[in-house]
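Notes follow once the structure below has been shown.
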Amino acid sequence: MILFENTRLISFAPPAVSAPLDLVAWEPGEDEGQPGKIAAIGKELAKRFPGAGKTGAGGYLSPGLVCAHNHLYSALSRGIGVPIKPSKDFVQVLQHLWWRLDRAIDLPILKASALAGGAEALCAGVTSVVDHHAGPSAIDGSLSVLENAFEELGLRGILCYETSDRNGKEGMKAGIRENLRFAAEVDRSRAAGRGILVEAAIGAHAGFTLGPESMELLGEAVNSSGRGIHIHLAEDRFDPAQSHSSYGKDLMARLEEVGALNEKSIIAHGLWLSREEVELMNERGAYLAHNARSNMNNAVGYNDLLHNHRKVVLGTDGMGSDMLEEFKFAVFRHRESQGPWWPGDFLACLDRGNRLLENYFGGSFGRLETGAAADLVHWDYDPPTPLEAGNVAGHLAFGLSSRSVRSVVVNGRLRIKDKKPLFDLEAIGAEARTQARRLWKTMEGIA
């Protein structure tokens, strides 16, 4: 068992800050209690649980942060040393950079990128990453490689492979198979009573790289697996324009007609969806993953209908995994666009990643209460002004940062203690640099 003493508990939904309290969590593998869950919250818990290891004291304790849309394969693209042609629009950015990069990924590169990106996530207080993987040169078994990296780090996640027609019909079918294979693997683990740290979604790239057959197969995969689709839609104006030109219908209508929209669906970006499409998403209970920094970097515009979505979550789209930084950008870009939301609205979006976890894992996430998942962050934050329920969002927007992370717990297991990772961060970094050079060299030979 692990014990945090005399720490103030921060809740995000509804926002709250407690008086100093103790919190005890069951570690995974313990025979008694509920492994991976919060065991008790109260005063002087060391007396009640004398066997609990003292983990930290003082400061603030919050639920772990969730990155609801990421591409960990982009971890090795930072400062990329490969000539990239100038790109006049978003589609050319994909062609000149990202589609070259994903074709250069093999399984060792994939593992190195997952470990490097996942380690950075934990160091930033992110305890769960919803990843969207692409790598058409090494599809089979790729999600299990990712799963192994997540389990090695002790990071929670939801994984998928982005099915696409852009690498041919067999590549598309291989993507479908990998999604279904991995979902079945997770189901077998559940049936065997093994603890699940990683779940499965059904991945797809974007509407403009998916034809009718692909959409039909994705709809079948969603329904046969009991999962949700995880797809980019309307990230750029080209996507809905191509849908209307080629199929005479909205992007969301294409998903709806194959039965691929449900309460587990993750629609990334959605900048150029129509009001009718937003309403359809709301009716089906689908999540919109908002990625403010990526949208700015790709100059694809701003989502003026963001506040009309009922289930907005925050992601990074591969721009690292620092969710406090993402939260700040989401707030400030929205204010610049003269949108109606305030920091508190985006705090609700940040917290809503936990509802997404509940849809996939069951149980209770993002709540500091007995029986909830023990995914926790201990913050070394000494605010210059009072931190209380009414200004939690303000402190996240204008004060607290990932530099304040002291300790991180996932599923009751300490992953960072007193700012020291409990995994070999130095070795992960060295291997990532080695594989990055291999990745870049391979990209040089890809047109």
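The values are calculated or read from the model by the stated rules, or taken from the named source; none is laboratory data. What you see is a predicted model; the values in this text were computed from it and never measured. Don't worry about glycine lacking a Cβ; one is built from the backbone with ideal geometry, like all the others, and counts go over all protein chains shown.
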Residue in the stretch 384-405 that is surrounded by fewer than 21 Cβ atoms within 10 Å (Cβ to Cβ) and under 30 Å from GLY33 (Cα atoms) present: no
Pairs with Cβ under 9 Å, 6+ apart, first in the stretch 419-440 and more than 17 Å from GLY154 (Cα to Cα), second crowded, with 17+ Cβ neighbours inside 10 Å and of a type in the set (D, E, K, R): GLU431/LYS111; GLN435/LYS111
Residue in the stretch 43-60 that is within 23 Å of GLU326 (Cβ to Cβ) and not charged (D, E, K, R) present: yes
Test: residue in the stretch 205-215 that is out of contact with any Cys (no Cβ under 6 Å at 6 or more places or on another chain), surrounded by 21 or more Cβ atoms within 10 Å (Cβ to Cβ) and among the acidic types (Asp, Glu): no
Selected residue (criterion: surrounded by the most Cβ atoms within 10 Å (Cβ to Cβ)) from residues of the stretch 116-129 that are assigned to a helix (DSSP H, G or I) and touching a Gly at 6+ places or on another chain (Cβ under 9 Å): ALA121
Sole residue being touching a residue at least 24 places away in the same chain (Cβ under 8 Å) and surrounded by fewer than 23 Cβ atoms within 10 Å (Cβ to Cβ), chosen from GLU27, GLU32, GLU44: GLU27
Conditions (1) acidic (Asp, Glu); (2) out of contact with any Lys or Arg (no Cβ under 7 Å at 6 or more places or on another chain); (3) over 27 Å from TRP99 (Cβ atoms); number of the one not met by ASP317: (3)
Long-range neighbours under 6 Å by Cβ, at least six apart or interchain, first residue in the same structural domain as GLY301 (by TED's automatic domain parsing) and touching a residue at least 60 places away in the same chain (Cβ under 8 Å) within the stretch 77-90, second in a loop (DSSP other than H, G, I, E, B) and surrounded by 10 or more Cβ atoms within 10 Å (Cβ to Cβ): PHE90/ASP236; PHE90/VAL300
Extreme residue, nearest to PHE90 (Cα to Cα), among residues of the stretch 216-229 that are touching a Leu at 6+ places or on another chain (Cβ under 9 Å) and crowded, with 21+ Cβ neighbours inside 10 Å: ILE229
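Yes or no, residue by residue, for (1) on the phi > 0 side of the Ramachandran plot; (2) in contact with a strand residue (DSSP E or B) (Cβ under 7 Å, 6 or more places away or on another chain); (3) surrounded by 18 or more Cβ atoms within 10 Å (Cβ to Cβ); (4) not assigned by TED's automatic domain parsing to the domain that holds VAL130:
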| residue | (1), (2), (3), (4) |
| --- | --- |
| LYS328 | no, no, yes, no |
| PHE332 | no, no, no, no |
| ARG335 | no, no, no, no |
| GLN338 | yes, no, no, no |
| TRP341 | no, no, no, no |
| CYS349 | no, yes, yes, no |
| GLY353 | no, yes, yes, no |
| THR370 | no, yes, no, yes |
Search result, residues across the stretch 299-322 that are within 22 Å of LEU159 (Cα to Cα) and assigned to a loop (DSSP other than H, G, I, E, B): LYS311, GLY315, THR316, ASP317, GLY318, MET319, GLY320, SER321, ASP322
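Residues are listed down the side, and each one gets a yes or a no for (1) aliphatic (A, V, I, L, M); (2) over 21 Å from GLY157 (Cβ atoms):
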| site | (1), (2) |
| --- | --- |
| PRO86 | no, yes |
| GLN92 | no, yes |
| TRP99 | no, yes |
| ASP102 | no, no |
| ALA112 | yes, no |
| LEU115 | yes, no |
| ALA119 | yes, no |
| CYS123 | no, no |
| THR127 | no, no |
Matching strands (runs of 3 or more DSSP E) fully within the stretch 1-112 where at least 2 residues are out of contact with any strand residue (DSSP E or B) (no Cβ under 6 Å at 6 or more places or on another chain) and either at pLDDT 95 or above or β-branched (Val, Ile, Thr) (or both): 2-12, 15-17
Selection status of MET296, in a helix (DSSP H, G or I), aliphatic (A, V, I, L, M), in contact with a helix residue (DSSP H, G or I) (Cβ under 7 Å, 6 or more places away or on another chain) and closer than 19 Å to GLU235 by Cα: yes
